[in-house]
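Notes to accompany the following structure.
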Amino acid sequence: MDNSKNQNPCLVAAYVQGACSGGQFTVDPLAVNTHYVGPYVDEANVCECNTVTYSLVSACAICQNRTYIAWSSWSTNCSTVYTGYPETIPGGTAIPQWAYQDVTVRFFLPSYSLLLSRCQCILVD
């Protein structure tokens, strides 16, 4: 599930979310029995309220053997939602094609076993 630059979904998710915060964003590892939540009302922005970021963060959770939430839950605090990634892709990364799937009508649907076999998510503090 790495991108063309051999970056895992967690790192790519940090890049795309960081595009709205001066390039700084950390995707922390998940504790057991937890999942990533969507953006908080006061922090919701174009870099988080889009289907690509949701797919990347969901894949990041799966790489850690954790669960993920539905798009409708992720985007609940977003005043505007975007299909695709509406910002310029940050330099230094690339968004993998699978992250562009339409999650607005169904869950993010990776081939779970294939995804796990290809995940090498190493989260750096």
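Quick notes
- Residues satisfying the stated conditions in region 95-106, i.e. under 14 Å from the mean Cα position of the chain (by Cα) and surrounded by fewer than 17 Cβ atoms within 10 Å (Cβ to Cβ): Gln97, Tyr100, Gln101, Asp102
- Search result, residues across region 107-125 that are assigned to a loop (DSSP other than H, G, I, E, B) and either surrounded by fewer than 17 Cβ atoms within 10 Å (Cβ to Cβ) or at pLDDT 55 or above (or both): Phe107, Phe108, Leu109, Pro110, Ser111, Cys119, Gln120, Ile122, Leu123, Val124, Asp125
- Meets criteria (under 20 Å from Asn8 (Cα atoms) and assigned to a helix (DSSP H, G or I)) for Val27: no
- Residue pairs whose Cβ atoms lie under 9 Å apart, separated by 6 or more positions or on different chains, with the first residue in region 1-22 and touching a residue at least 60 places away in the same chain (Cβ under 8 Å) and the second among the basic types (Lys, Arg) and outside any loop (DSSP other than H, G, I, E, B), are Met1/Arg118; Asp2/Arg118.
- Among the candidates Ala31, Ala14, Ala19, the residue that is out of contact with any helix residue (DSSP H, G or I) (no Cβ under 7 Å at 6 or more places or on another chain), small (Gly, Ala, Ser) and more than 21 Å from Asn3 (Cα to Cα) is uniquely Ala31.
- Residue, modelled with the lowest pLDDT, within region 87-106, restricted to residues that are in a loop (DSSP other than H, G, I, E, B) and among the aliphatic types (A, V, I, L, M): Val105
- Residue list for region 51-96, filter: charged (D, E, K, R) and touching a residue at least 60 places away in the same chain (Cβ under 8 Å): Glu87
Okay, residues lined up against (1) surrounded by fewer than 19 Cβ atoms within 10 Å (Cβ to Cβ); (2) modelled with pLDDT of 95 or more:
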position	(1), (2)
Gln24	yes, no
Thr34	yes, yes
Thr53	no, yes
Leu56	no, yes
Tyr68	no, no
Ser79	yes, yes
Tyr85	no, yes
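- Residue check for Tyr36: out of contact with any strand residue (DSSP E or B) (no Cβ under 9 Å at 6 or more places or on another chain) and more than 23 Å from Ile89 (Cβ to Cβ): no
- Test: residue in region 40-50 that is in contact (Cβ under 8 Å) with a residue 60 or more places away in the chain, under 10 Å from the mean Cα position of the chain (by Cα) and surrounded by 19 or more Cβ atoms within 10 Å (Cβ to Cβ): no
- Unmet requirement for Val12, which otherwise passes all of (1) part of a loop (DSSP other than H, G, I, E, B); (2) out of contact with any strand residue (DSSP E or B) (no Cβ under 7 Å at 6 or more places or on another chain); (3) at pLDDT 95 or above: (1)
The values are calculated or read from the model by the stated rules, or taken from the named source; none is laboratory data. This one's a predicted model, so the numbers in the text were calculated from it and none came from an experiment. With ideal geometry, Cβ positions are generated from the backbone for all residues, glycine too; neighbour counts draw on all protein chains shown.
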